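Asker: Mind having a look at this structure? Questions to follow.
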Amino acid sequence: MTTVTQSPADHTRTRITPAVVAEHGLSVSEFDQIVGILGREPTIEELGIFSAMWSEHCGYKNSRPLLKTLPVEGPRLVQGPGENAGVIDAGDGWGVAFKVESHNHPSAVEPYQGAATGVGGILRDVFTMGARPVAVLDSLRFGSLDSPRSRFLMDGVVRGIGDYGNCVGVPTVGGETVFDPVYEKNPLVNAMCIGVLRLDRLVRGRADGVGNPVMAVGARTGRDGIHGATFASADLDEGSDRRPQVQVGDPFTEKLLLEATLELIDRDLLVGIQDMGAAGLTSSAAEMAARSGSGIDIDVDRLPVRESGMTAYEMLLSESQERMLLVARPERVDEVTAVLGRWELQAAVIGHVTDDGLFRVRRGAEVVAEIPVEPLVDSCPTYVRDGVEDPAIAELRTHDLSALAHLETDDEATEVLLALLDSPSIASRAWIYEQYDASVQTNTAAGPGSDAAVLRLGDTERGIAAAIDGNGRYVYLAPRTGARIAVCEAARNVACSGARPVAITNCLNFGNPLGAAVYYQLSEAVAGIGEACRALGTPVSGGNVSLYNETPSGPIYPTPVIGMVGVIESIDQRVPSAFRGQDDVILLVGETREEIGGSEYLAVIHDRVAGTPPAIDLDEAARLVEFLVAGAAANLFRSAHDCSDGGMAIALAEAAIGADGGARSIAVELELRCSPAAALFGESQNRVLLSADPARVDAIGDLCVAHGLTWQRIGTVGPVGGNWRCSIGERTIDLPVDDLRRVFERALPRRMEDMAGLNA
Amino acid sequence: MMRVGIVRFPGSNCDADCARAVREGLGQEALFLWHKTHSLEGADVVLLPGGFSYGDHLRAGAIARFSPIMQEVVDFARAGGPVIGICNGFQILCEAHLLPGALIRNRGIRFRHRDVHLRVERTDTVFTRACCGGQVLRMPIAHGEGQFVADVETLAELEADGRVVFRYVDESGCAAASANPNGSQNDIAGICNGAGNVVGLMPHPERAVSDLLGCKDGLPLFRSLLAAVPEAVAS
């Protein structure tokens, strides 16, 4: 370590009082640790840097010990956690980079910009790896659409995601949206990006090579988003104006940055590159140096800024969007500048790589910060807390729900079906996804509305499949089970398309971890994710943690969201979700049990969130995935659709409504082995609805048996139009399929139409 | 071999898709033309692709029309060369006054991506020669500013001269309010200039060229280009 020749703290500047330390979200013991690392009191810039790097968002202080338990290795995993995005080997030299990230807090304050910049950030995480972004998926949570606030938030978030992705030209190909009053003031906006690259072009966020120039490129730095990472690591309080901490996005600049970055990488002009995302210049510089065991020396006076009078503190912590930090090959700086100039982008050399292990920040001649990189990035204090389940939640699991499982008449069963189809969490998402360009780049073989999106992979025969899933209600009632289900459902969705699930990315949306009950949920959920990933052989490639999703009315449901990516060997073997044609046989794979706990049925029809969520047998889940992949490869299925929210009846309705040529009639008949409500609307796991050519049914049955799965033939697909008929024991639902379709399609538009004044 | 020159503006994002359609769907040559240059590099056809040139700042297409290459495109069009504008390309052609009218915010404000049906109204343009009159084609739209409007005289002139090339219709080929996705006057989805060598349309034929993409109805439009420049195809 070099000697500090000029102690920055000697200068007349903001005094570091206990109040200033507290404002930076640092505890007394954390401050003492900082003093120990530096051997002196920090400057205000240094305090800002530690505050950002040791926030939950960057430093994972409450989650790191838990995340370490997750499986992060697998034969096809090329890049695991710790980089800008994870990468899998998709064969023939092709890689798939992907990651999910949250933008919950900004979206709660300013939904349009919050969501737009969430998409921008995740795109940059992927293209800094050298991958061209080919798809976005999103996972959204809002309060009830009966609330004007929730409608306002959904309108803004959907437009923000759409305007950003549409303009950059990356298709939004799938996602999920769930509504529950617990998300009223704290919506969740998780965006996942998938990119493709040639593996020999993989670039990492490294600062190697002493003397190599460090360059800031892209948009100029302004005062927006200062301390966004710290903001994201605290509860959302009411009344305070958080808008200055929300960034503003410009997708046009992003598109230029994307093309320029890929050109720089293609021409091998870079040593390393990283998005200036959360905690901006600070985190990108420090993390790049940390990965290489090097140091970085920068002069903020050389940083292109968009407003005058910015302090070093502001420049270090600004989260202005569409900026990158890169380390170039020294003899190629002019070429780098020329490429960026061609794309009408700024580039400035702001410093160089050193070997002293320090993150040194100058303002002209003055050193304003000098921090050892290793403890800054890797010694963020971590906390293992004692988690204790909230006894009130444990009590909810014990509720006797048997009285709610009866459907006394056919009319009642019909009304329940229609009410569920009208539930915003189940209804058609077309109102949302028609605002997203899903077909740009001409890779989309299966887009929104499918169990998984399927994209062609470069110029190969292969395809990429992706799905994103989470069920906060299950995790609330039973965190470990709920998290296991999220992983298995994502895998099942990918496998229904015919692809083999390969790896996950996860976004852990939880409340304030300082509370024992939330910490319990977090630790149990992470354990559940790890167990399911091990059982399915799908390691964790990276992800994001979003804690402090809490308002004065309490925490959100714990909502781990799982993004699963799979590969299908021949894209021509992909399997659609909806029924295809007349006389195809409908089969149900898997066991239906007396399980209505935590279901959409209970929530919508009986206004109850209670009971035990459905059991999930991980070994069976893995066998079901194998069965689906093998069946698709043998071309046995005409369609495959996961049974999830709303149970088998909803799966049957969705597959019939979305059928080829228009909504089709079906005739289904099953024996009653449990209560009518559980049979129709229960959410027993590891079930898939198939349709097949009658000649293939025996082969499918044999394949089920070989995989230790139960199956039954339950009906046939009819012509377009006509009646949707489903008999279970003595209960029969029989009505025109177009009646179902209308309810399903109108549910979101009719709630969102009363939107006057929101489009300004 | 026919050479299709695809102009790349900053913010174009359907350039690669158009090139793929020309190469894989048509088996012809596609080359990219940088907006700052003054050469069409011997292209037989010029295609202005979709996207958000200059981020749609000011108005869609309003800045791109001032790019250096646009002067060459205008000269090429005036000399009878085939010029196609798709989505943002259509907007640029209108801004450059190669086509009349304007494309404004969709009725209903929102960006819309969905499949639409188009009826081919005219089969003697460079982009419809391989179609049958009245043929109904399915392909996606993806735009926020696709509502075609023109003043009364211009609209009457377009109709009288038969310069409406594509109209939004329902699956059976009939006009229907629900089939018009953006509120365009007279259900107009695409138009041409008087000579029929400049065609602009909002839907994306380059996204409907293979079974994998769910539809091949865009292919006849691209095939029409072969008939427009037979000498290039033959050479």
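Where a number appears in this text, it was derived from the coordinates with a stated rule and is not lab data. Note that this is a predicted model, so its numbers are computed, not measured. Reconstructed Cβ throughout: ideal geometry from the backbone, glycine too, with neighbour counts over all protein chains shown.
Asker: Shape call for the stretch A:305-444 from the C-alpha gyration tensor, a ≥ b ≥ c root eigenvalues: rounded (a/c under 1.5), prolate (a/b greater than b/c) or oblate? Please list the in-between numbers first.
Answerer: Numbers: a/c = 3.89, a/b = 1.88, b/c = 2.07.
It comes out oblate by the Cα gyration axes.
Asker: Oh, and also: Classify chain A: rounded, prolate or oblate, from the alpha-carbon gyration tensor (a ≥ b ≥ c, eigenvalue square roots; a/c under 1.5 rounded; otherwise prolate if a/b is larger than b/c)?
Answerer: Details: a/c = 2.10, a/b = 1.72, b/c = 1.22.
Prolate, since a/c reaches 1.5 and a/b exceeds b/c.
Asker: Assuming 0.36 nm per residue, please report the length gained on full extension of the stretch A:R397 to A:S144 beyond their Cα-Cα distance.
Answerer: Working: separation 253, 0.36 × 253 = 91.08 nm, distance 2.36 nm.
Taking 0.36 nm per residue and subtracting the Cα distance, the gain is 88.7 nm.
Asker: If you take the beta carbon distance between B:H97 and A:V333 as r and set R0 to 41 Å, what does 1/(1 + (r/R0)^6) give as a FRET efficiency, to the nearest 0.05?
Answerer: With a Förster radius of 41 Å, E is 0.45.
Asker: Run the simple label-point estimate for A:V388 and A:A430 please: 7 Å along Cα→C-beta, distance reported in nm.
Answerer: In this crude label model, A:V388 to A:A430 measures out at 5.2 nm.
Asker: Something else: Summarise the partner chain shielding of B:203-213 as one whole number: the mean count of Cβ atoms from other chains within 10 Å of each residue's Cβ.
Answerer: Mean partner-chain Cβ count within 10 Å for B:203-213: 4.
Asker: Enumerate the amide H contacts of B:R114 below 5 Å, restricted to partners 5 or more residues apart or on another chain; note that Pro and chain-start residues carry no placed amide H.
Answerer: Amide H neighbours of B:R114, under 5 Å, 5+ apart: B:I141.
Asker: Can you give the charge dipole size of the stretch A:617-667 about its Cα centre, rounded to the nearest 20 debye, using +1 on the beta carbon of Lys and Arg and -1 on the beta carbon of Asp and Glu?
Answerer: Dipole about the Cα centre, nearest 20: 320 debye.
Asker: Based on the Cβ-Cβ distance of A:T710 and B:D75, what FRET efficiency does E = 1/(1 + (r/R0)^6) give at R0 = 56 Å, to the nearest 0.05?
Answerer: It comes to 0.20.
Asker: Is the stretch B:3-234 best put as rounded, prolate or oblate by its Cα gyration tensor, with a ≥ b ≥ c the root eigenvalues, rounded for a/c under 1.5, and otherwise prolate when a/b is larger than b/c, oblate when not?
Answerer: rounded
Asker: Can you give me the C-alpha center-to-center distance between the stretch A:59-129 and the stretch A:429-467, rounded to a whole angstrom?
Answerer: 19 Å
Asker: Could you give me the ³J(HN,Hα) list for the stretch A:667-674, computed from phi with Karplus coefficients 6.51, -1.76, 1.60 and θ = phi - 60°, whole Hz, x at Gly and Pro?
Answerer: Values, residue by residue: 10, 10, 9, 10, 6, 8, 10, 8 Hz.
Asker: What distance in nm lies between label points placed 7 Å from Cα along the C-beta direction at B:H57 and A:R267?
Answerer: 2.3 nm
Asker: Same structure again: If you take the charge dipole of the protein assembly as shown about its Cα centre, with +1 on Lys and Arg Cβ and -1 on Asp and Glu Cβ, which of A:V575, A:L145, A:C704 is farthest toward its positive end?
Answerer: A:V575
Asker: What are the ³J(HN,Hα) values, in whole Hz, obtained from phi via the Karplus relation 6.51 cos²θ - 1.76 cosθ + 1.60 with θ = phi - 60°, for each residue of the stretch A:443-459 in sequence order, with x given for Gly and Pro?
Answerer: So the Karplus estimates, Gly and Pro as x, are 10, 7, 8, 9, x, x, x, 8, 4, 9, 6, 10, 10, 6, 9, x, 9 Hz.
Asker: Additional query: So for the stretch B:3-234, averaging the separation of alpha carbon pairs under 8 Å that are six or more residues apart and normalising by length, what relative contact order in percent results?
Answerer: So the answer I get is 20 percent.
Asker: Just rank A:Y474, A:Y557, fewest to most, by other beta-carbon atoms within 10 angstrom.
Answerer: On the way: A:Y474 28, A:Y557 25.
So the residues, fewest neighbours to most, are A:Y557, A:Y474.
Asker: Also, quick follow-up: May I ask which residue of A:I562, A:A656, A:I605 lies farthest towards the positive end of the charge dipole of chain A, with charges of +1 (Lys, Arg) and -1 (Asp, Glu) on Cβ and the Cα centre as origin?
Answerer: Going by the charge dipole, the pick is A:I562.
Asker: Follow-up question, since we're still on this one. Against the longest alpha carbon principal axis of chain A, how many degrees, from 0 to 90 and to the nearest 10, is the axis of helix A:148-168 turned?
Answerer: Taking Cα atoms only, the helix is inclined about 70 degrees.
Asker: Multiplying the sequence separation of A:R40 and A:D411 by 0.36 nm and subtracting their Cα-Cα distance, what value in nm do you get?
Answerer: Fully extending the segment from A:R40 to A:D411 adds 126.0 nm.
Asker: Something else now. Suppose a student asked you for the relative contact order of chain A, using Cα pairs under 8 Å spaced at least 6 residues apart; what percent would you report?
Answerer: 15 percent
Asker: I want the antiparallel fraction of DSSP beta bridges within the protein assembly as shown, as a percent rounded to 5. Could the numbers behind the result be given before it?
Answerer: Working: 122 of 162 bridges.
Around 75 percent antiparallel, to the nearest 5.
Asker: Find how much the distance from A:D355 to A:A634 grows on full extension, using 0.36 nm per residue of separation minus their present alpha carbon separation; answer in nm with one decimal. Don't jump to the answer; show the numbers that get you there.
Answerer: Details: separation 279, 0.36 × 279 = 100.44 nm, distance 5.66 nm.
Gain on stretching A:D355 to A:A634: 94.8 nm.
Asker: With a sphere of radius 9 Å drawn around the Cβ of B:A208, what net charge do the other residues whose Cβ falls strictly inside it have (Lys, Arg +1; Asp, Glu -1)?
Answerer: Taking every other residue near B:A208 into account, the sum is 0.
Asker: Let me know the mean shielding of B:15-24 by other chains, meaning the per-residue number of their Cβ atoms within 10 Å of its Cβ.
Answerer: 2
Asker: Exposed loop GluC sites (Glu not before Pro) only (DSSP loop, at most 13 other Cβ atoms within 10 Å): please give the longest stretch of chain A free of them, not including the sites.
Answerer: Values: sites that count: A:E73, A:E238, A:E307, A:E344, A:E408, A:E671, A:E730, A:E753.
The longest uninterrupted stretch comes out as A:409-670.
Asker: Determine the shielding of peptide A:166-178 by partner chains: average, over its residues, the number of Cβ atoms on other chains within 10 angstrom of each Cβ.
Answerer: Per-residue shielding by partner chains comes out at 3.
Asker: Against the longest alpha carbon principal axis of chain A, how many degrees, from 0 to 90 and to the nearest 10, is the axis of helix A:647-657 turned?
Answerer: The two axes meet at around 90 degrees.
Asker: What fraction of the DSSP beta bridges in the stretch B:3-234 is antiparallel, stated in percent and rounded to the nearest 5?
Answerer: Around 60 percent antiparallel, to the nearest 5.
Asker: Same structure again: Which stretch or stretches of the stretch B:217-235 have amide N atoms under 16 Å from the point lying 7 Å from B:L31's Cα along the Cα→Cβ direction?
Answerer: Those under the cut-off are B:232-233, B:235.
Asker: Over the stretch A:463-564, calculate the relative contact order: mean separation of alpha carbon pairs under 8 Å at least 6 apart, over the residue count, as a percent. Show your work: numbers first, answer last.
Answerer: Numbers: 209 pairs, mean separation 45.2, N = 102.
In percent, rounded to a whole number, it is 44.
Asker: List residues of the stretch A:688-722, by number, whose backbone nitrogen lies under 11 Å from a label position 7 Å along Cα→C-beta of A:Q582.
Answerer: Flagged as within label range: A:718-721.
Asker: Moving on. Which distance in nm do the two modelled labels at A:R15 and B:C174 give, with both placed 7 Å along the Cα-to-Cβ direction?
Answerer: Once both label points are built, they end up 8.3 nm from each other.
Asker: Using a simple charge model, +1 on the beta-carbon of Lys and Arg, -1 on the beta-carbon of Asp and Glu, nothing else, what dipole does chain A show about its Cα centre, in debye to the nearest 20?
Answerer: Numbers: 64 positive and 105 negative charges, 215 e Å.
So the dipole magnitude of chain A works out to roughly 1040 debye.
Asker: Residue by residue through the stretch A:509-516, what is 3J(HN,Hα) from phi via Karplus (6.51 cos²θ - 1.76 cosθ + 1.60, θ = phi - 60°)? Round to whole Hz and write x for glycine and proline.
Answerer: For the stretch A:509-516, the Karplus curve yields 9, 9, x, 6, x, 6, x, 4 Hz.
Asker: Can you tell me the 0 to 90 degree angle between the C-alpha axis of helix A:251-266 and the longest principal axis of chain A, rounded to 10?
Answerer: 80 degrees
Asker: Next question, about the same structure. So for A:H707, B:H204, fewest C-beta neighbours within 10 Å to most, what's the order?
Answerer: So the residues, fewest neighbours to most, are A:H707, B:H204.
Asker: Report the one residue of B:I141, B:L48, B:T123 whose Cα lies farthest in the direction of the positive end of the charge dipole of the stretch B:43-154 (charges on C-beta: Lys and Arg +1, Asp and Glu -1; origin at the Cα centre).
Answerer: Farthest along the dipole direction, towards plus: B:I141.
Asker: For a footprinting-style exposure proxy, rank B:L99, A:L740, A:L396 by other Cβ within 10 Å, fewest first.
Answerer: Taking fewest neighbouring Cβ atoms as first place, the list is A:L396, A:L740, B:L99.
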